[in-house]
Amino acid sequence: MLSELKPAILITMFFTLLTGIFYPLAITGAAQPLFHRQANGSLILVNGEPAGSELIGQNFAKPEYFHPRPSAAGMNGYDPTASGGSNLGPTNPALSDRLTKDAAQFRKDNPDFDGPIPADAVTTSASGLDPEISPANALAQAARVAKARNASRAEVESLVAANTASRDFGVLGEPRVNVLKLNLALDRSLPVKR
């Protein structure tokens, strides 16, 4: 019996060391010099302090900021330790109720917008932490942000355009706006005038 257990124990120890210690150390050792920013969370720094990650959505609720997609991550949303969607199906009345409530809140927050509400303004992403919104969603919020910052709508729309990323390689994905980057650009270019 010992002759059967010994190889199993040795193989388990070997693969534990290989995949649990050596491989992570090698990947970390290679990632730090080659992809330092990404390996450390793609943090966006403001005055040397982290303002957030460009990969993880945050909740912005003040009227002078662009609001992100709704989040189902955690009890109150935007919890990076509880990433995930609501998993509510299209026939679930809870989903319909939430969409109706979110659409009403969007209309209340953006009274100057009278077009169709962009889908990503009321729907959550699969992770619940999507850091980006569609340009249509950003433009739907532009009047509110401009009013709250005592700026012209054209100035705000210009910042939206400047912070809109195009499709990757010209064909992959959709145009998108990183909410954190856009809000930081707002603070730099159009600070709130009180």
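Throughout, read-outs are computed from the coordinates displayed, never taken from laboratory work. As the structure is a prediction and not an experimental result, all values here were calculated from the model. As a convention, Cβ positions derive from the backbone with ideal geometry for all residues, glycine included, and neighbour counts pool all protein chains shown.
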Which residues in region 143-157 have a backbone N closer than 15 Å to a point placed 7 Å from the Cα of Val192 along the Cα-to-Cβ line? 144-151
Given H placed on each backbone N at 1.01 Å, which residues far from Gly52 in sequence or on other chains put an amide H within less than 5 Å of it? Ile44
Aspartates and glutamates with Cα under 20 Å of Lys108, excluding same-chain neighbours fewer than 8 positions away: Glu64, Asp97, Asp120
Spin-label point model (7 Å from Cα, Cβ direction): what's the Gln32 to Ala143 distance in nm? 5.3
Between (i) 112; (ii) 209; (iii) 158, the structure-derived volume of the Cα convex hull per residue in Å³ is (ii)
Give the residue list of trypsin sites (Lys or Arg not before Pro) in region 70-178 that are DSSP loop and have at most 13 other beta-carbon atoms within 10 angstrom. Arg167
Can you say what percent of the DSSP beta bridges in the chain, counting only those with both residues inside, are antiparallel? Round to 5. 100
